[in-house]
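Worksheet: one structure, shown below.
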Amino acid sequence: MVAKMIARRSVILLAAVAGACAVGPSTRAARQAPMPAVEGRVGQATTPAARAFLDSLARVRGAEHGVPDAAAPLQLDSARDVRWLGLLRDSQLVALVNVAVRNNQTVRAAAARVLAYRDQVTVARSQLLPQLSLNTSTTSSQTIFGNSLPAQSDAVRLTGDVQWELDLWGRARRSTEAAQLDWLTQEDDRRAVVLSLVSGVATGYLELREADQDVRIAEEAAAARRATLELARKRFAQGLISELDVRQFESEVASSAISVAQFAQRRVEAENQLSLLAGLPPSSIPRGSLSASPSDAPVLRPVDVPDSIPSEMLAARPDVRRAERAWQAATARVGAAEASRLPRLFVAGQYGTQRPGQTGLFQPNGEIYTLQAGISLPLFTGGRLQAQQDVAQAQVMEARATLEQTRLNAMREASNALAAVRFTRDQLAAQETQVRALTRALDLARQRYGSGVSSYLEVLDAQRSLFAAQIAFARVQREHNAAAVQLYHTLGGAW
């Protein structure tokens, strides 16, 4: 008899669940409009003559240095990500990035948040399932009715209880969907943290290499100025120049020493910053091979910059994905809020045994059961349910605006990154041309000064100009490489 009743109730419950529907807007409709491609718009800021001159410098520079590696194309892999390994060439940098991804505490915190939100999905999904519990109790009571003798009763009960709210209107399903989307937004946040970390490590490594080059340039300049100072002292001893000339050269040697100390301090600070990003105490950072020119030991491969960036690349950015999923989660919560205003159907049951004592507890004549079904309809809540729905709809509007702003920001960053890569390449070619011209000018000035044709002012001016140009070349070299790193960061490159 009991089995038939349970079976009949089960059929009714299954029919009710099968006919259930979810209210509220669909999250599938909460998709952003296709993002337009980002055009490079490079070349509009220069005249045709200037453009032709810069292109000729770039061709000369490429012909003199050769092309050691083919340019790294910007393309999506099978996972719809831009891969950093197509850009990084320095093995020490790759090793440092791997250490940072493993050890960085911010990345670990982001990973822990992902786990926490994943477990929240399980919490939300549990509302869809019956809640089953096992309960046991022992009671002893004594009652008196009128002048009768006290009546004492004892009971031992063991039951299995089940409670289930049928999700007729999709409240639990919408809440579960929102929790799943929240989990995915945290995963996008984790990817964004890793992406920023890789970009930060690469940029910091470039700054460290620039500091190395600056120290080398300053030391070479100091050595050259000391040699000029020795020559000036000899000429002073011969009565060919005045003491004023010697003191001027001594001042230039001291200026070079100051620059060496400043660049060395900046190098230590860059190492400490990289150690922090790698999750390590301050320590020396291994470098790849160093050479007299940063062009001879490139940290990055050249980047083949397209005329435009397809929308698929920008749509794959972690912040764009996060904003889209946050919009979908907010939309799902609108459905949950609407369902909370509709009737709620509850089913409960209890089955077990009860006996006066533990003896014979599991005998058939001790069987007890209860089956219940109920419905709850909110009539008056002081406007709470309507306000909750209004809040959810306002959050959808906020999430939509945030998504549109995120998309605009992504397109701005992509356009800036394209321009930075191309224009810093032009600066690099022009800057190297200037360094070569000033190097030759210094050689000529030294020859003229050594033969007594010109004064020390020509040598000093040539040394200062060359030193400034070499430092500027190292800076532009770093900026060009940093622009390529920023371009990969802008496109949501994967590690």
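The values are calculated or read from the model by the stated rules, or taken from the named source; none is laboratory data. Nothing here was measured: the structure is a model prediction, and the numbers come from that model. Cβ: placed from backbone, ideal geometry, glycine included. Neighbour counts: every protein chain shown.
Only residues that are surrounded by 21 or more Cβ atoms within 10 Å (Cβ to Cβ), small (Gly, Ala, Ser) and farther than 16 Å from ILE258 by Cβ: list them for the stretch 200-236, please.
Within the stretch 200-236, ALA202, GLY204, ALA232 qualify.
Condition test on ALA394, is it without any contact (Cβ under 8 Å) to a residue 24 or more places away in the chain and part of a helix (DSSP H, G or I)?
It is true that ALA394 is without any contact (Cβ under 8 Å) to a residue 24 or more places away in the chain and part of a helix (DSSP H, G or I).
ALA172 fails exactly one of the following numbered conditions: (1) over 27 Å from GLN350 (Cα atoms); (2) buried (at least 18 other Cβ atoms within 10 Å of the Cβ); (3) among the hydrophobic types (A, V, I, L, M, F, W, C). What is the number of that condition?
Going through (1) over 27 Å from GLN350 (Cα atoms); (2) buried (at least 18 other Cβ atoms within 10 Å of the Cβ); (3) among the hydrophobic types (A, V, I, L, M, F, W, C) one by one, ALA172 breaks only (1).
Can you find, within the stretch 449-495, the residue that is farthest from ALA315 (Cα to Cα) among those that are aliphatic (A, V, I, L, M) and within 22 Å of the chain's Cα centre (by Cα)?
ALA482
Can you find a residue that is under 14 Å from the mean Cα position of the chain (by Cα) and at pLDDT 90 or above anywhere in the stretch 114-121?
For the stretch 114-121, residues under 14 Å from the mean Cα position of the chain (by Cα) and at pLDDT 90 or above: present.
Do any residues in the stretch 92-107 that are polar (S, T, N, Q) have Cβ atoms under 6 Å from those of residues that are surrounded by 14 or more Cβ atoms within 10 Å (Cβ to Cβ) and assigned to a helix (DSSP H, G or I), where the two are at least six apart or on different chains, and which pairs are they?
Matching pairs, first to second residue: ASN104/LEU197; THR106/VAL193.
Only one residue in ARG287, ARG266 is within 30 Å of ALA111 (Cα to Cα), in contact with a helix residue (DSSP H, G or I) (Cβ under 9 Å, 6 or more places away or on another chain) and in contact (Cβ under 8 Å) with a residue 40 or more places away in the chain. Which one?
Selected residue: ARG287, the only one of ARG287, ARG266 that is within 30 Å of ALA111 (Cα to Cα), in contact with a helix residue (DSSP H, G or I) (Cβ under 9 Å, 6 or more places away or on another chain) and in contact (Cβ under 8 Å) with a residue 40 or more places away in the chain.
Among what's in the stretch 237-253 and is loosely packed, with under 12 Cβ neighbours inside 10 Å and aliphatic (A, V, I, L, M), pick the residue that is nearest to the chain's Cα centre (by Cα).
This residue is LEU244.
If you go through the stretch 335-343 one residue at a time, do you hit one that is at pLDDT below 85, under 51 Å from the mean Cα position of the chain (by Cα) and in a helix (DSSP H, G or I)?
no
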